[in-house]
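Here is the structure we will look at.
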Amino acid sequence: MLCMCCKELLIGPRTADDRFAGNGGLSLRRVSAVKKILNFQSRYNDTEPEDEWFGRRITLLPGAKVASGVQEDHFSVEDIWHAKPMGYHVRADNLADDVWRDPIRRKSNFDYCPELSMVMDMKLEQERCEGDNKMGEILDEAAERRRDNAAAAAAARQASR
């Protein structure tokens, strides 16, 4: 059951210990709190993102109660994965590794919320490149990057002697 528990704003966390989450792409807002803010503030178009603008103001509103990231973790998923959220907030870019990198977790997200496949720009599994490890890396490139990192670490150790 979803309950705002006398809160003016309920949104999903961006970090595991988020005191206030700026993820307003999927949010519940108390209309009376929105009206209070809009009575004395105006947001100009194309300035900062609307959810961040509103979030900064509601946390300063006297008497306003905003749920913390710990209280909100069951509500929505954007950067921090939680089982069985009310919904997902998917950005156009920079998908969170915690939520999308692992192919098993990714499949469970789509199984739980099949509507995600309608809004996400994605390739089908059969369209993947040869050598793709299903975690955003081509195996040859990943091995080359590990070799380069190991060589750089060895050179740094040698230089420090």
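The values are calculated or read from the model by the stated rules, or taken from the named source; none is laboratory data. This one's a predicted model, so the numbers in the text were calculated from it and none came from an experiment. As a convention, Cβ positions derive from the backbone with ideal geometry for all residues, glycine included, and neighbour counts pool all protein chains shown.
General observations
- Candidates in segment 69-113 are the residues that are polar (S, T, N, Q) and more than 14 Å from L28 (Cα to Cα); of these, the one that is modelled with the lowest pLDDT is N94.
- When segment 24-52 is filtered for residues that are assigned to a helix (DSSP H, G or I), surrounded by fewer than 18 Cβ atoms within 10 Å (Cβ to Cβ) and modelled with pLDDT of 80 or more, the ones remaining, listed by number, are V31, S32, V34, K35, L38, N39, F40, E50.
- Residue tally, condition polar (S, T, N, Q) and either surrounded by 15 or more Cβ atoms within 10 Å (Cβ to Cβ) or in contact with a helix residue (DSSP H, G or I) (Cβ under 6 Å, 6 or more places away or on another chain) (or both), over segment 81-97: 0
- Any hit, segment 30-45, residues being of a type in the set (F, W, Y) and closer than 28 Å to C113 by Cα: no
- Pairs, first more than 22 Å from H89 (Cβ to Cβ) and at pLDDT 70 or above in segment 117-144, second among the polar types (S, T, N, Q) and in a loop (DSSP other than H, G, I, E, B), C-beta under 9 Å, six or more apart: L139/N133
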